[in-house]
Structure formats: structure tokens, C-alpha cells
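The block underneath contains the structure these notes are about, expressed in C-alpha cells.
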Amino acid sequence: MDQSIVANYEAAKALYAQHGIDVDAVLEKLAEIKISMHCWQGDDVRGFLNKDQALTGGISVTGNYPGAAGTPAELRADLEKAFSLIPGKHKVNLHAIYVDTDEKVELDRIEPKHFEKWVAWAQEQGLGLDFNPTCFSHEKSADGFTLSHPDPAIRQFWIDHCKASRKIGAYFGERLGQTCVTNVWIPDGFKDVPVDRLAPRQRLKDALDEVFAEELNPAHNLDAIESKLFGLGSEAYVVGSHEFYMGYGIANNKLICLDAGHFHPTEVISNKLSSLSLFADGILLHVSRPMRWDSDHVVTLDDELIDIGRELVRGDLLGKTHIGLDFFDASINRVAAWVIGTRNTIKALLRGFLDPVEALREAELNFDFTTRLALQEEFKSYPFGAVWDYYCAKQGVPVREAWLAEVKAYEQNVLLKRGAEAAVAKK
């Protein structure tokens, strides 16, 4: 390891130690945290089941940067490259449309065997897998409704799909020895004000009851449900609102998913964590950056991300919180997007661990708000970067922006050749 990195780390460690912060212990804790990196950044949410199907459900990906993965093997190669530049061992979050099979199969008939290559790869890489039913970009979601659809036959199709997805999640967890989180999100809603708000929610509740009827081993699979405030095509009314899913999740012991982009622009999920933690069995985070609401920009180390990290650390919530990423940007190198977003999420957690929490808490309890504010501000310029550099070096990944050169080389040697090969194939 570069001795200047070690020297900077030792100096930083001494400063933090003055406030009772054991930096070596912090890095051990940080190495145990797994971030679930979403596969759909790598191919613009196309998947491999119906890859020519247009995106629906209010989802939109902009940009045409070259090198999007076109096969499961290409996507796995891109994920491997990204993970080689990110400290720690993590997970991959799959959607149902990312089947890897030559068999033609519908969403309501998918089975673990259709993901066997993903499992074998995850075992080889030492990664966990999370899962999501794909309730969008399908002819049976064209009306904008799935689990709450008024047509019983269409509704049953999506119920069967979600049931199949849970079994796949349980298979992942059993095979990999890491609990799989299977998250249900649906796009159901109305563009304009509905006459009947209750009936779709009653249908959704009944459908979810059927989806979750079979008890699965929680060591293998945990169910999560994800709300949304509004979406493109559902601006006036979303069936699966925050209130609906918070009530359902608490009543039925499901993880409640908080997506950073799924609330009003003046709301932040960092402020919801402490309240929800008192009542929910567990929390799933979808960390995104909602520029002008749910635009799913690549995660940057902004104030909200830092506050999420702080809340998880200060409230001792990491044991019951599952952290996943959810953004997609086709205007930049997709591998770089993964690296930037995941490294920033880990940085935010490190920032939380390096705060003088006990001193801040004591000042607050004593109504000494002067000390509280002074410490918070001074710690903004403490040498967090020296600790991060050491952590990256210790984990065997590039320090600071050195990872970018590797991504650029990968782009030249792999990603750009995909575009050329695809153009030749079309001819």
C-alpha cells in the first residue's frame, strides 16, 4: 500500500480518536454492509425476456451512450467490472425480465431454473441476489393496472407472476446462503381523478394476500412492498400509495420499501427512517437521486444521501435495513454509473460512522445546541477522505478517481466493440 495513504490514515485516525471514534473498528463494520446493486442500470431496463418491448409503467431512460449490455453474459461481465472497483462484497438486484434461458417462458411461469446461470455466477463471485417481479413493459400491463386490475384474468396473471417471483427469491436465498429480498412494485394508477379510490385498493389488498399466502423461510426470502406518490400516467392516483403499503406492511410483517424518488419533492426518506423503524419489521431502501422528482439520477454524495447514512448509523438501523440502488442513466458510461453510485452510498455510511454521535447526543440532551451545531460543522472538514482512501486500498480497489481509467479502458476494449459488432450483425 502507498505509504502516503497509510500516513494520512494514521493522522486522521488520531484526530477521530480524540472524540472516541475507533476508525479501525468502523472499517470492520463498513466491510460487513452489503449494497444491492441493481442490474437494470447496465442495459436501460430492457431485460432479456421481451427485450424489444417498449418501457411502460412511467419508466423512462434517456440517452444512447454506447455499450449497453445486450446479453446476460455481457451484463454479468459489466457487473464484474463495476464490483472490481467498489470496496466490499455486495449483492445484485435482478428483475424478472432478466431471465437467462433459451426457453420461451411467460412471466407467470418463470421458475428458478430460468435463473440458474445467475445463481452459478453469484456463487462464483461470492455475491448475494435480490429479486423483483416485473409488473411493467408487458401487454397485460398496457391498461396501467396489474395486481389491482378490474379484469380477474389479468389480475390473476400478475398474482401468479408475483408468486413465482417469491419462489425464485427463496431459491436464491437457499442456494447462496444470503437472504434474498423480493420487492413488489406495481405502476397501477389513474392519470386523472378517479371516481372510486377504494375498489382498486381493495383488489390490491386481496391480490397481495394471495401472493403472500404461502409461508416461505425468512432466512431465504423476505418480502418487500414499494409505494409511489405518482408517476407518468398515474399523476392523479396511485393505488399503492405510501399509506396503503405502510398499513399493509405493518399489518402483515413485510418490509416497507422507501424509494428516494417516490415522495413529494419536499419530502426526504432520511426523515422517515426513525419513525418507520419503530413499527415495521424491516425496511428496504431504494437509493436514488430524484432531480425534479422521480428522475432516477445516479446517486451523488449530496446532503440527503449523507443524512440517510447518518440516520442508519445513529439509529442503529443497519441490522433491519436492506440498502439497494435504483437509478438508470444512459447518457453516461453505465459501468461508471454503478461505480459512482455505489461508492457514494458506501461513503455516506462511512460519514455516518465517523460522526461524534455520542458527543452530539449528549449536547442535545443537555439543550446545548451551540456545541451540537459547532461540532456538526467542524466535522465537515475532518479528514474523511483519508479514511476512505485507506479503506479502498485495503479492500484492493482503486483509490480516488483512479478507477475511472479502468472504466475508460473497459469502454475502449469491450463496450465500444459491442456497438461495432451489433452494427455488423444488422448489415
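The values are calculated or read from the model by the stated rules, or taken from the named source; none is laboratory data. Since the model is a prediction, treat every value here as computed from it, not as a measurement. Quick reminder, even Gly has a Cβ in these numbers, built from the backbone with ideal geometry, and neighbours come from all protein chains shown.
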Task: Filter result for residue 258 (out of contact with any strand residue (DSSP E or B) (no Cβ under 7 Å at 6 or more places or on another chain) and crowded, with 23+ Cβ neighbours inside 10 Å) - done: no
Open item on the list: What's the total number of residues in region 101-123 that are more than 18 Å from residue 170 (Cα to Cα) and either of a type in the set (Ser, Thr, Tyr) or within 22 Å of the chain's Cα centre (by Cα) (or both)?
Closed with: 1
TODO: Please indicate, with yes or no, whether at least one residue in region 90-99 is in contact (Cβ under 8 Å) with a residue 60 or more places away in the chain and assigned to a helix (DSSP H, G or I).
DONE: yes
Open item on the list: Tally up the residues in region 100-128 that are among the β-branched types (Val, Ile, Thr), within 21 Å of residue 160 (Cβ to Cβ) and in a helix (DSSP H, G or I), please.
Closed with: 0
Open item on the list: If I ask for residues that are buried (at least 20 other Cβ atoms within 10 Å of the Cβ) and either in a loop (DSSP other than H, G, I, E, B) or without any contact (Cβ under 8 Å) to a residue 24 or more places away in the chain (or both), which ones from region 129-143 would you list?
Closed with: 133, 134, 135, 136, 137, 138
- [ ] Examine region 129-146 for a residue that is over 26 Å from residue 37 (Cα atoms), among the aliphatic types (A, V, I, L, M) and more than 20 Å from the chain's Cα centre (by Cα), and state whether such a residue exists.
- [x] yes
Open item on the list: Out of 11, 73, 25, 17, I need the residue that is hydrophobic (A, V, I, L, M, F, W, C), under 24 Å from residue 325 (Cβ atoms) and at pLDDT 95 or above. Which one?
Closed with: 73
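Here is a yes/no grid of residues against (1) at pLDDT 95 or above; (2) among the charged types (D, E, K, R); (3) under 26 Å from residue 336 (Cα atoms):
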residue	(1), (2), (3)
239	yes, no, no
245	yes, no, no
256	yes, no, no
266	no, no, no
273	yes, no, no
299	yes, no, yes
308	yes, no, yes
Open item on the list: Residues that are in contact with a strand residue (DSSP E or B) (Cβ under 8 Å, 6 or more places away or on another chain), buried (at least 20 other Cβ atoms within 10 Å of the Cβ) and modelled with pLDDT under 95: does region 49-61 have at least one?
Closed with: yes
Open item on the list: Residues that are hydroxyl-bearing (Ser, Thr, Tyr) and more than 24 Å from residue 179 (Cβ to Cβ): does region 324-341 have at least one?
Closed with: yes
Task: Count of residues meeting criterion [at pLDDT 90 or above and small (Gly, Ala, Ser)] in region 287-297 - done: 1
